[in-house]
Amino acid sequence: MRRRADQLAGILMPMILFTGVAIATLYMQLIASDALDANGVQKTADDKNLESLNLVIVGIIIAFACIMLINTLYAATSYRNREFGGQRLAGATPRQVQIMVAVESLVLTATGVTFGTLAGIVGILPYNIVRTDTVWPEQGPGTWITVTALAATVTFLTSLGTTRRSLQTPAVDTITAAV
């Protein structure tokens, strides 16, 4: 991982962007909706339509960030075919290569979710203070858990799926094809 820090940093940015944007925008929408309910404001049809429109826009932004994360992971992992072939020729089993990629994915997920959460909190806290006059939002961790689970699932499925596909090619073929 130390030798590939620059490549891993390129993967980390979409992960941070995905988690930060998803956490911040979803929580801000929840805070706004709950603030209206807490003030006893009856939502009009326009308010409900605006809330639905906001959720659709947030969903599109989150989907775009997720697709960007998938594309980055796929490109970075498929670029490593020659490396995987060399490791297999040096004696690594396909399972060992997959475990290596899984550990990298775990580190990327933990780091990306941590920094993405911090980025999201930076957006959530000021918004919550303005809307509710409290520092910490009352919404539970359910949204954070969902976003984190989605980020982890996307990372592991994309990385391990791409690795598995590249390991189906004989090691000698991956080395000679790359030369």
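The values are calculated or read from the model by the stated rules, or taken from the named source; none is laboratory data. Fair warning: this is a prediction, and the values are worked out from it, not measured in the lab. All Cβ positions, even for glycine, are placed from backbone atoms using ideal geometry, and neighbour counts span all protein chains on display.
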message = Restricting to segment 36-59, give me the number of residues that are of a type in the set (A, V, I, L, M), surrounded by fewer than 17 Cβ atoms within 10 Å (Cβ to Cβ) and touching a residue at least 24 places away in the same chain (Cβ under 8 Å).
response = 2
Of residues in segment 72-101 being in a loop (DSSP other than H, G, I, E, B) and modelled with pLDDT under 90, the one surrounded by the fewest Cβ atoms within 10 Å (Cβ to Cβ) = TYR79
query = With respect to THR153, is the statement that it is under 16 Å from the mean Cα position of the chain (by Cα) and among the β-branched types (Val, Ile, Thr) true?
reply = yes
query = Which of the residues spanning segment 75-120 are touching a helix residue (DSSP H, G or I) at 6+ places or on another chain (Cβ under 8 Å), among the β-branched types (Val, Ile, Thr) and over 14 Å from THR155 (Cα atoms)?
reply = VAL97, THR117
Verdict on LEU69 being buried (at least 17 other Cβ atoms within 10 Å of the Cβ) and part of a helix (DSSP H, G or I) = yes
query = Taking the stated definitions as given, is ILE62 among the aliphatic types (A, V, I, L, M), modelled with pLDDT under 90 and either assigned to a helix (DSSP H, G or I) or under 19 Å from the mean Cα position of the chain (by Cα) (or both)?
reply = yes
